[in-house]
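What follows draws every value from the coordinates through simple rules; no lab data is involved. Small disclaimer: the values here were computed from a predicted structure and weren't measured. For neighbour counting, all protein chains shown are included, and Cβ atoms are generated from backbone atoms with ideal geometry for every residue, glycine included.
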Amino acid sequence: MKEFHLLLFNGNSIFPECILIFGLFILLITDLISDQKDTAWFYFISLTSLVLSITILLFRWREEPMISFLGNFQTNNFNEIFKFLILLCSTLCIPLSVEYIQCTEMAITEFLLFILTATLGGMFLCGANDLVTIFVALECLSLCSYLLSGYTKKDVRSNEATMKYLLMGGASSSILVYGLSWLYGLSGGEIELQEIVNGLINTQMYNSPGIWIALISITVGIGFKLSLVPFHSPTPVVAFLSVISKVAASALATRIFDIIFYFSLNEWHFVLEILAILSMVLGNFIALTQTSMKRMLAYSGIGQIGYILIGIIDGDSNNGYASMITYMLFYIFMNLGTFACIVLFGLRTGTDNIRDYAGLYTKDPFLAFSLTLCLLSLGGIPPLAGFFGKIYLFWCGWQAGSYLLVSIGALMSVISIYYYLKIIKLLMTERNREITPHVQNYRISSSSISKNSIEVSMIVCSIASAILGIVMNPIIAIAQETFF
């Protein structure tokens, strides 16, 4: 591992985050001085700040790692690539929300503030280097997620979902803090990650029963953020929450387990292997029984995070992290592309039932083709990105000796192909008796900024889901340069 430069204060280390903070201030000022009906400016400011942050991250790639702000924050390629993934999620999700905000007639400024603040929390979580910063950043992300889930406060279902999400999220955060407090005590009062390891060595507590308590508590807390079985309820069934929490929590889990629990390698490997198997099996089997497209996608996402855990478990051996990062990038495009298709279909028909997609190809070939591409890629059908991502992930897992995990993952991938193909078969059917009134009365509405923005996200994600696997060598090369 390269030697880090320790700096007391260095604003350059959080320059991308500062751009988002500046964007938040501009958003608030614009809201105060402009006409509320002129919403295009709000979207422009939000997207511009996100794109600028991404640009700065790309220019900073391969810079020498550093620890700054009195050890509270760490900057390296590993953190930067996860920040990029979080910014990418937000950039793709904002266009999907335009029509949603117009339909609910809710204030646009607060919605975008929650999106950007959640993004900011996720980015700080990726670079946090001590327990206090980790918890504050995690709660920043979590609280904004709760607010977003209950944004339509007049909707009874939204209020119910928010209450469940808040209670479960609060409970999981409490358990996580309990585990972190054990690490603080066992290490002799240290809060920085590497200093905790040194403290555990000095106090000879790295094999104590307290480490097991800390490991289990932290695993439960992170397991909720990752929607791992049995901590998967309630599972987010919306685009933004379904990806950003998984990306941020994956970055946190990788650093916590691999740095602090280095002495308990076999133990945390065993715990995560059980959770990965449960998530892959139950996630895919429950997805088989769903009648709602969004719920099907949410439960299949539980199975997908089980695949990603293979990369976390394998770690640096045989490019485990590189395979995890590569597949996570592909998953973002596949998942958000599918959500974009679902949102567009829902706006035009008012339904989310899988049966109501029957015959969509006869009315809207473009939407049906885009949805087909994303679903086939999620299932891992060659030559789409999902196939190459899974092959690389499973190959790295097999090379590292995770034979059981890879075998179960491959089997569950085959099962997932079944329910994806079942939907695609419905899309392509031309038998009138199977086509529901929703598709029979399907009309492609006139162009508008809101629907065009959804289509832009859909096109970008569909193309990426189709071709990224073919040109994945540069992506793998970049992912292999990550370290922490």
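Values computed for the structure shown
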{"item": "Sequence of Met334, Met328 once ranked by neighbouring C-beta atoms within 10 Å, starting from the fewest", "result": "Met328, Met334"}
{"item": "Cross-link pairs beyond the 28 Å C-alpha cut-off, checked among Lys294/Lys363; Lys153/Lys390; Lys83/Lys363; Lys164/Lys422", "result": "Lys153/Lys390; Lys83/Lys363; Lys164/Lys422"}
{"item": "Structure-based [θ]222 nm, the chain - -39500 (n - 2.57) summed over DSSP H runs of at least 4, per residue, nearest 500", "result": "-24500 deg cm²/dmol"}
{"item": "Pairwise FRET efficiency - Ala171 versus Met428, Cβ, R0 = 35 Å, nearest 0.05", "result": "0.20"}
{"item": "Separation of the Ile444 and Ile415 label points, Cα + 7 Å toward Cβ, nm", "result": "3.8"}
{"item": "Rounded Å value of the spacing that divides the Cα centres of the range 57-99 and the range 370-426", "result": "28"}
{"item": "Phe22 versus Ser208: modelled label distance in nm, points set 7 Å from Cα along the beta carbon direction", "result": "4.7"}
{"item": "Fewest-first sequence of Cys18, Cys374 by Cβ atoms within 10 Å of each Cβ", "result": "Cys18, Cys374"}
{"item": "Whole-Å distance, taken between Cα centres, linking the range 228-305 and the range 118-190", "result": "16"}
{"item": "Among [x] 22.1, 74; [y] 30.8, 96; [z] 21.9, 67, the entry derived from the coordinates for Rg and Dmax of the Cα atoms in Å", "result": "[x]"}
{"item": "Nitroxide proxy distance, nm - points 7 Å out along Cα→Cβ at Thr289 and Asn198", "result": "5.3"}
{"item": "Mean projected area (nm²) of the alpha-carbon convex hull when the range 280-484 is viewed from all directions", "result": "11.5"}
{"item": "Only Lys, Arg (+1) and Asp, Glu (-1) charged, at Cβ; the chain dipole about Cα centre in debye", "result": "1540"}
{"item": "Volume of the Cα convex hull of the range 333-447, divided per residue and given in Å³", "result": "101"}
